[in-house]
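The values are calculated or read from the model by the stated rules, or taken from the named source; none is laboratory data. Small disclaimer: the values here were computed from a predicted structure and weren't measured. Cβ sites come from the backbone with ideal geometry, for glycine too, and all protein chains shown count toward neighbours. The area values use the complete protein model at the heavy-atom level, side chains included, leaving out ligands, DNA and RNA. Shrake-Rupley method; radii C 1.70, N 1.55, O 1.52, S 1.80 Å.
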Number of protein chains: 2
Amino acid sequence: VIVEVLAVGTELLLGHTVNTNAATIGTKLADAGVDLQYSSVIGDDHDRMVAAIRLALSRADAIVITGGLGPTQDDITREAISSATDRPLRFSDEYAARLKRWWESRGREMPESNLKQAEYPEGAVLLDNPKGTAPALQLETDGAVIFALPGVPAELEVLLDLYVVPVLAERAGEGVVVSRVIRTYGESESRIGELLSDLYVAKGNPSMAFLATAAEIKIRLTAHASTSDDAERLIAPLESAVKERLGRLVFGTDAETIEEIVFGLARERGWTLATAESATGGMVASRLTKVPGSSQVFRGAIVAYHEDIKLMNLGVPAGIIETHGVVSEPVAIAMADGAAAALGADVAISVTGSAGPDPQEQPVGTMVIAVHTPEQTMARTLTLPGDRERVRTYTTTGALHLARLAMSGEWWSGQPRRGRWV
Amino acid sequence: VIVEVLAVGTELLLGHTVNTNAATIGTKLADAGVDLQYSSVIGDDHDRMVAAIRLALSRADAIVITGGLGPTQDDITREAISSATDRPLRFSDEYAARLKRWWESRGREMPESNLKQAEYPEGAVLLDNPKGTAPALQLETDGAVIFALPGVPAELEVLLDLYVVPVLAERAGEGVVVSRVIRTYGESESRIGELLSDLYVAKGNPSMAFLATAAEIKIRLTAHASTSDDAERLIAPLESAVKERLGRLVFGTDAETIEEIVFGLARERGWTLATAESATGGMVASRLTKVPGSSQVFRGAIVAYHEDIKLMNLGVPAGIIETHGVVSEPVAIAMADGAAAALGADVAISVTGSAGPDPQEQPVGTMVIAVHTPEQTMARTLTLPGDRERVRTYTTTGALHLARLAMSGEWWSGQPRRGRWV
């Protein structure tokens, strides 16, 4: 089946909202072996929405529309489907009663406008939404199926799993698509491309592609086959070859994140973790505590934004700050050692730096990371381009990678201190 | 001018990468009064990319392509433009020399594959990229202009400002689009829609639309006029009416974030800030330190993930934990008071809770927030739906809003304890 995604909402065109829903749909469909070929955004404009639905009906077998099913006046997806398919809108008394019960069960009175959510284009099936009040719609038209789903990400996700993915996976027939993502850190995208140039296959089966995201370069291998076992067999030799070629640049596979790797290392070694952060303001700790079950190894963090906190709560000697300045490797080392002591952790990651927009002692983008382990404490200075948010994000990722290398005993060696790789 | 955005990359269709570039382009064009009408995603497939460019040429006056200009083998935007417009690829010796200098200036050897970035479809102008090695391209074809920009967000942003926005703003002529976003917290989207139903204008000038994002509901007013002053004059009366109707639900305007509001309140009152976080693991501190210049008022944070840290670093009495449990209002209050004392801050925000996936003492989604101010410390328990990441994000936003209300002396009253609003 050829699938087209239409994300509805002027806020998407204006850039007020980022289209994460298209990514969610793409991921779930690819996991089910369904190829997404078209993905577009439409504003809250009746005529353009009707034109987009008609264009999609002319080139796709399945259309997944997201957004525009809310209770407010600018939610016009139901009307647009009705116009594009020449089916009048009907009203479901049964769904209206269910809506009233939903609000009552939460002890709140239903705003009258929510009744709009009981409307549907003739012939459509209303699909129960366990997470919200807007039902999803499924409409079979000549030769194509239209799904309309709410734009609220948590609702969309559940409804995709419940209704859309099973239907489309079945219609897609036997073929499956399997992707493997090999995650690397430490080299530029072009250097990775060169290292793999003789293994590169754009249109082959499996195919290879490169993605650069926030300091990490990923290599995606994709295979089509009739079963996932067959697809895995196609991927396996290329995956091994890539991993062997890239060696320790590779840190993970598929959805595995650097924070999960760091956790795994800590659990393996029976070590606890802590952070001491200045310029990143708690971002390293936030990333680490994303991992479910992180309380098994994560002790806590001290965000030492003001110099007082570095002195008092982390015990950084005033003399070190006076001699070397607050953005320096000796201070980062004292912070990491101090956090390990103050928080009772085996491993402590520290960050100090000048994230901008105004320079702090050092030029903007000068970021110092240190990692304390039971064996030693080492520091490294990075020079990063970009604005405050980019510097902070790249530093957070860099700090987690340095922790991985320190914990696995492979502390950075022979790699450039500056450059695109971090 | 009618503008179409084409974002290139199979990773976008597969959902491995979220299409933030389309949002960036939409924002910058709207700010310049240019209406974005079409936005689509294309995979790294030569034929489909050529078809998409031809479709765009048939319905738009300007096409902004992003992605596919990198140095690796799957970067085929140059080739696709060349095929879609029937112009052969040329090679720029001058740009090739510049590329070599760029790498040399960074003390690194240029991978040979980067020379690909000196290719261009005949007739295109190579636009210098101050942030990276891939030049942008500008090609005037019959009646339309094509811009091709790298997909790296930081590079894209600079190149939009330098080349794309000035050209398109000029071609768009005199008209401008002005948007005002009124930001609210504390009520559901449908309730806000009802409160404003008599003021609602979908297609008028100005028009109104609603957006729900992570616990905040936004109302966007958009006006078209020949000058921005005229557009502002169209918006002003509706903006006042909406703000008056919604009263203290409104917390900010346009890009103003809740963390900036909290900072503004602290600066006004001469207060310093700190946080003590358990389940949010530093997310509240990360949000607060996003604000440039936050070091003026932010002292620091203690992430007290393990119970030891609550006892030792925040001084929460063991008896309070024994009596009430760690996820409780008395513990949140003791954490906030403890953080204010330990970190020497006037205002401290604390969070404890059960974020999941496994319940901790209380059911998943039970989150307790407290705010210490020089006047008093108060706590509030929220019950939030969704997974770990959603619960943590909504709690972080909720904590900042509670801090705003506590600092401005309007602590929560008469509002539901549960519901979609938080």
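Applying a threshold of 6 Å to beta carbon distances and a minimum spacing of six or more residues, or different chains, the list of pairs starting in region B:272-283 at a residue that is touching a residue at least 60 places away in the same chain (Cβ under 8 Å) and closer than 24 Å to A:E307 by Cβ and ending at one that is assigned to a strand (DSSP E or B) and open to solvent by 10 Å² or more (accessible area, probe 1.4 Å) reads B:T272/B:R299; B:A274/B:R299.
Identify, please: which residue in region B:67-86 is among the β-branched types (V, I, T) and more than 13 Å from chain A (Cβ to nearest Cβ) and is, among those, surrounded by the fewest Cβ atoms within 10 Å (Cβ to Cβ)?
B:T85
Check region B:391-398 and report whether any residue there is under 15 Å from A:T289 (Cβ atoms), of a type in the set (K, R) and open to solvent by less than 10 Å² (accessible area, probe 1.4 Å). Yes, region B:391-398 contains a residue that is under 15 Å from A:T289 (Cβ atoms), of a type in the set (K, R) and open to solvent by less than 10 Å² (accessible area, probe 1.4 Å). Annotation note: Cβ proximity below 7 Å between a residue of region B:89-102 that is part of a helix (DSSP H, G or I) and a residue that is open to solvent by 20 Å² or more (accessible area, probe 1.4 Å) and at pLDDT 90 or above (sequence gap 6+ or interchain) occurs for B:Y95/B:L126. If only residues of region A:196-212 that are more than 9 Å from chain B (Cβ to nearest Cβ) and in a helix (DSSP H, G or I) are counted, the one that is nearest to A:V177 (Cα to Cα) is A:L199. Just so you know, in region A:307-340 the residues that are within 13 Å of chain B (Cβ to nearest Cβ), in a loop (DSSP other than H, G, I, E, B) and not polar (S, T, N, Q) include one that is most open to solvent (accessible area, probe 1.4 Å), and it is A:G315.
A:L6 meets the conditions (1) open to solvent by 10 Å² or more (accessible area, probe 1.4 Å); (2) within 12 Å of chain B (Cβ to nearest Cβ); (3) not polar (S, T, N, Q) in every case but one. The failed one is (1). Number of residues in region A:365-411 that are among the β-branched types (V, I, T) and either within 11 Å of chain B (Cβ to nearest Cβ) or closer than 19 Å to B:V152 by Cβ (or both) equals 6. Taking region A:23-51, which residues are under 15 Å from A:E4 (Cα atoms), outside any strand (DSSP E or B) and open to solvent by 20 Å² or more (accessible area, probe 1.4 Å)? A:T24, A:T27, A:K28, A:D35, A:A51 - these are the residues of region A:23-51 that are under 15 Å from A:E4 (Cα atoms), outside any strand (DSSP E or B) and open to solvent by 20 Å² or more (accessible area, probe 1.4 Å).
Kindly establish whether B:S40 is hydroxyl-bearing (S, T, Y) and over 24 Å from A:G26 (Cα atoms).
It is false that B:S40 is hydroxyl-bearing (S, T, Y) and over 24 Å from A:G26 (Cα atoms).
Between B:L149, B:L162, which is in contact (Cβ under 8 Å) with a residue 40 or more places away in the chain and either out of contact with any Cys (no Cβ under 9 Å at 6 or more places or on another chain) or under 30 Å from A:T72 (Cβ atoms) (or both)? Give the derivation first.
Working: B:L162 fails: in contact (Cβ under 8 Å) with a residue 40 or more places away in the chain.
None of the other options fit; the residue is B:L149.
When B:A96 is tested against the conditions (1) open to solvent by 30 Å² or more (accessible area, probe 1.4 Å); (2) over 28 Å from B:T20 (Cβ atoms), the lone failure is (1). Cβ separations smaller than 7 Å between residues 6+ apart or across chains give the following pairs from region A:10-22 residues that are facing chain B (nearest Cβ under 7 Å) to residues that are of a type in the set (S, T, N, Q) and open to solvent by 40 Å² or more (accessible area, probe 1.4 Å): A:L14/B:T27; A:G15/B:T27; A:V18/B:T20. Do we find that B:T289 is touching a residue at least 60 places away in the same chain (Cβ under 8 Å), within 11 Å of chain A (Cβ to nearest Cβ) and either open to solvent by 10 Å² or more (accessible area, probe 1.4 Å) or β-branched (V, I, T) (or both) in this structure? So B:T289 fails the test.
Is it true that some residue in region A:296-306 is within 31 Å of the chain's Cα centre (by Cα), surrounded by fewer than 19 Cβ atoms within 10 Å (Cβ to Cβ) and over 20 Å from B:L343 (Cβ atoms)?
Looking for residues that are within 31 Å of the chain's Cα centre (by Cα), surrounded by fewer than 19 Cβ atoms within 10 Å (Cβ to Cβ) and over 20 Å from B:L343 (Cβ atoms), one finds at least one in region A:296-306, hence yes.
Only a single criterion out of (1) more than 21 Å from B:V167 (Cβ to Cβ); (2) at pLDDT 90 or above is not satisfied by B:T10, namely (2). Each residue in region B:352-364 was checked for being in contact with a Lys or Arg (Cβ under 9 Å, 6 or more places away or on another chain) and either without any contact (Cβ under 8 Å) to a residue 60 or more places away in the chain or farther than 21 Å from A:A154 by Cβ (or both), and 4 of them qualify. The single condition among (1) touching a Ser or Thr at 6+ places or on another chain (Cβ under 9 Å); (2) at the interface with chain B (Cβ under 8 Å from one of its Cβ atoms); (3) in contact (Cβ under 8 Å) with a residue 40 or more places away in the chain that A:V41 does not meet is (3). Just to verify a result, which residue in region A:235-250, among those that are surrounded by fewer than 19 Cβ atoms within 10 Å (Cβ to Cβ) and without any contact (Cβ under 8 Å) to a residue 40 or more places away in the chain, is nearest to the other protein chains (Cβ to nearest Cβ)? Only one residue fits best here, namely A:G247.
Kindly provide the set of residues from region A:168-182 that are modelled with pLDDT of 90 or more, surrounded by fewer than 22 Cβ atoms within 10 Å (Cβ to Cβ) and more than 8 Å from every other protein chain (Cβ to nearest Cβ), ordered by number.
From region A:168-182, those modelled with pLDDT of 90 or more are A:168, A:180-182; that's our starting set.
If we keep only those that are surrounded by fewer than 22 Cβ atoms within 10 Å (Cβ to Cβ) too, we end up with A:180-181.
Within region A:168-182, A:R180 is the sole residue that qualifies.
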